[in-house]
Amino acid sequence: MNVKDIMSSPVYLITSNEPISRARNLMLKHSISRLVVIESDMTKEASSRSPDVICVGVVTKTDISERLDQAEPKWRRRPIGNIPISMVMSSDPLTIYPDATPGQAAEILLENNISGLPVVRSKTDKNLVGIITKHDLIRYYSTLDDTTVVNDIMEQFSVTVHRHHSISHVIHEMKSNEVDRTIVVDDSNEPVGTITRTDLALNRMTNPEGELPSKNVKMARKNHTGGEKVLRSVKEVSMVAEDIMSAPLITLSKNSSVTDAAKIMVDQRINGILIVDDEITGIVYAKNIIQAIIAR
């Protein structure tokens, strides 16, 4: 099996001078996490099946989410409807050819810490014919006859945030720990949801009046070390983790098969599953399954 057998085609396109808001709307409409960027003078009707469509960049949900940090003054002053794709896209992206193997595609994605590769006709012919993503590779893995269990590939490290933490704090934790999801916990440290790059990128961060919304939350603290948590004064805050988290959580046991994890990721269009056996024991990410493809 080759890249051409599992790639996505046609590809959703956007021009370099269009605003981030249009990219976000396209991602929401088509349930995708990246768009191939073409020259600004090409028509919106162009597609990867048209001749002479040349990729000049890629814009992803990560590119968008990093523009949504509410602590950033520029974000407060400049809504995403006024920010062109050219300011956030990755230019001159890596590409791959239709006859490459899934393993070769997996290696390029992991080595370069990217989640998609535009597929071009050949080394000399840069016309776009498709795109292969981590999601395509996971779908491929879900069809394999493999007995590997989640415990063999999962990561034990996970990042948590409180349900009342600010969006800025969530973004900071993801960036500083180099993860694309964080687990949201309550006052008892029980997991209640998860926040991913998609949640950050595709949630509307302003109210209908164009203002940053706020809410009142009850903050908890202990009377003394080891004491029972009690409520204290109500505090007004901007949007917090629980406002954009995905819930309920999808979980698996560490003895579940990796192919089952892959099937869930494909069906639910998610990139990570929390592993719980009485308590949180780890997370299996899309990248872990991509590594399993290379190891075959």
> Got a sec? How would Thr196, Thr101 order by Cβ neighbour count within 10 Å, fewest to most?
Replying inline: Thr101, Thr196
>> What does the extension gain come out to for Ser31 and Asn113, with contour length at 0.36 nm per residue minus their alpha carbon separation?
In response: 27.4 nm
> Among Lys123, Lys134, Lys263, which comes first, then next, by fewest other beta-carbon atoms within 10 Å?
Replying inline: Lys123, Lys263, Lys134
>> Expected output is a single nm value to one decimal: the length gained when fully extending between Lys126 and His172, i.e. 0.36 nm times separation in residues minus the C-alpha distance. What is it?
In response: 12.8 nm
> With respect to the cross-link table entries Lys4/Lys61; Lys126/Lys175; Lys61/Lys287, which display a Cα-Cα separation exceeding 26 Å?
Replying inline: Lys126/Lys175
> If each residue's Cβ is checked for other Cβ atoms within 10 Å, how do Met245, Met1 rank with the fewest at the top?
Replying inline: Met1, Met245
>> With the crude spin-label approximation of a point 7 Å out along Cα→Cβ, what separation in nm comes out for Val276 versus Thr147?
In response: 3.0
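Values quoted throughout were computed directly from the atomic coordinates according to the rules given, and no laboratory measurement underlies them. Keep in mind that what you see is a predicted model, and the values were worked out from it rather than measured. Glycine also receives a Cβ, built like all others from the backbone with ideal geometry; neighbour counts cover every protein chain displayed.
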